[in-house]
Amino acid sequence: MTLTAKPPAMPSADEPGPPAASARPKRTRNPRTWVRGGGLSTLVFLAPMLVVFGFFSWSPIVQSVIMSLQKTNLLDPPTWVGLDNFANVLSDPLLGTAVVNTLYFAGLALVLGFPLPIIMAVLMSEVRRGKGFYSALAYLPVVIPPVVAVLLWKVFFDASPTGLFNTILGWVGIPPQPWLQSPATAMPSLVLEATWAAAGGSIIIYLAALLSVPPELYDAAEVDGASIWRKIWHVTLPQLRGILFIMLILQIIGTAQVFLEPYLFTGGGPNNATVTILLLIYRYAFQNSLGGDYGEATALSVMLAVVLALLSWLYFKLTERWSS
């Protein structure tokens, strides 16, 4: 007896085939499936970070917003005043001066302090020997404590003819400058020191970014006969476009919050020529030994934070296509 295998019956055209994979019923999400999918373990791992971040970051922000609506010096019981603190700050005639001075500082810092680290990084990347030494030398100002650096430069800014900077200027026939003693030269002097102190960190970031530029692009540009400046303009800067936009917004935010240099160099003088927004906030909070008006100080802080947040949002919206 022989056995013959019967071929499987082919479904007819009228018979419906097996259900497609897309027709399978979707799994409903419920607490049980969320736990089985690892949601609970993920939440357990995230809980410490969320607690720490919420306590040290969001809690002070919420408390600042509440304090901006109160009149308090942290000694007496606070009094709820609503928006009066914001009205008092906006009516302060010194606020306009502080805003103008802050914008002046930020503008000078951007003109001098933004392109300088890029130029230094590009020049250092072309060095064949001693690149590590030059990198350490450029980063040295960042290592020096900021207060020590400011006090050291305060000695350099001595307005007498025997001061260090005035002595150097005298070698080339330039008369002594008043530096910190004149409203016209006080802010540029602060920008000069701030640029020196902060340029090292930017140089190291740009040097690291330059390592990601494909060397084939430079070889192709050299074959085409491009000069060093055309290589920088057509190869280096376009490749660093993303990091340049990030560094620019960080510098704008940093210069808008300048405090150390005006406070230690001039205390806001001469004649309020170096009063910045953060220095004005400090005066609101610590204007006397019994404590100032922390409500007005936090009100101005909240206003500054809102302005910087809106500026950052607008900046990223405008540069969203350019930076990619």
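The values are calculated or read from the model by the stated rules, or taken from the named source; none is laboratory data. Quick caveat, the model's predicted, so the values are computed rather than measured. Note: ideal-geometry Cβ built from the backbone for every residue, glycine included; neighbour counts use all protein chains shown. Each accessible area value is taken on the protein alone, full model and side chains, heavy atoms only, with ligands, DNA and RNA left out. Shrake-Rupley method; radii C 1.70, N 1.55, O 1.52, S 1.80 Å.
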In a Gaussian network model of the chain with springs linking alpha carbons closer than 10 Å, the residue among PHE56, PHE156, PHE105 that fluctuates most is PHE56
The extension gain from LEU43 to LYS154, computed as 0.36 nm times the residue separation minus the Cα-Cα distance, is 34.8 nm
Note: PHE259 to ILE66 extended length (0.36 nm per residue) minus current alpha-carbon separation gives 67.1 nm
Ignoring trypsin sites (Lys or Arg not before Pro) buried by more than 13 other Cβ within 10 Å or outside DSSP loops, the longest site-free run in the chain is 130-320
Full extension between TRP80 and ALA208 adds, at 0.36 nm per residue less the Cα distance, a length in nm of 41.0 nm
The percentage of Cα-Cα pairs in the chain separated by more than 28 Å is 63 percent
Pseudo-spin-label distance TYR139 to LEU110, built 7 Å along Cα→Cβ, given in nm, is 2.9 nm
Expressed in nanometres to one decimal, the distance between label points 7 Å along Cα→Cβ at ASP219 and ARG36 is 5.6 nm
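Using a ≥ b ≥ c from the Cα gyration tensor of the stretch 25-139 (square roots of the eigenvalues), is it rounded, prolate or oblate, where a/c under 1.5 gives rounded and otherwise the larger of a/b and b/c decides, a/b for prolate?
It is oblate, given that a/c is not under 1.5 and a/b is not larger than b/c.
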For the chain, the helices passing both cut-offs (Cα extent along own axis of 24 Å or more, Kyte-Doolittle mean at least -0.5, full DSSP H runs) are 93-113, 183-210, 294-318
Loop-resident GluC sites (Glu not before Pro) in the stretch 165-252 with no more than 12 other Cβ atoms inside 10 Å, DSSP not H/G/I/E/B, are none
Here the relative contact order (percent) of the chain, from C-alpha pairs under 8 Å and at least 6 apart, is 25 percent
Between ASP92 and LYS317, the two model label points (7 Å from Cα along the beta-carbon direction) sit apart by a distance in nm of 2.9 nm
Quick calc, LYS131 & ALA226: beta-carbon distance into FRET formula, R0 22 Å, rounding 0.05, result 0.45
To the nearest Å², the heavy-atom accessible area per residue of the chain with 1.4 Å probe amounts to 65 Å²
One would report the Cα pair-distance distribution of the stretch 227-293, bin width 5 Å, in %, as 4, 14, 15, 14, 12, 8, 8, 9, 8, 4, 3, 2, 0
Restricting to aspartates and glutamates and to Cα separations under 13 Å from LYS231, and discarding same-chain partners fewer than 8 apart, the set is GLU126, GLU216, ASP219, GLU222
GLY225 neighbourhood, Cβ < 14 Å, K/R = +1, D/E = -1, net charge -1
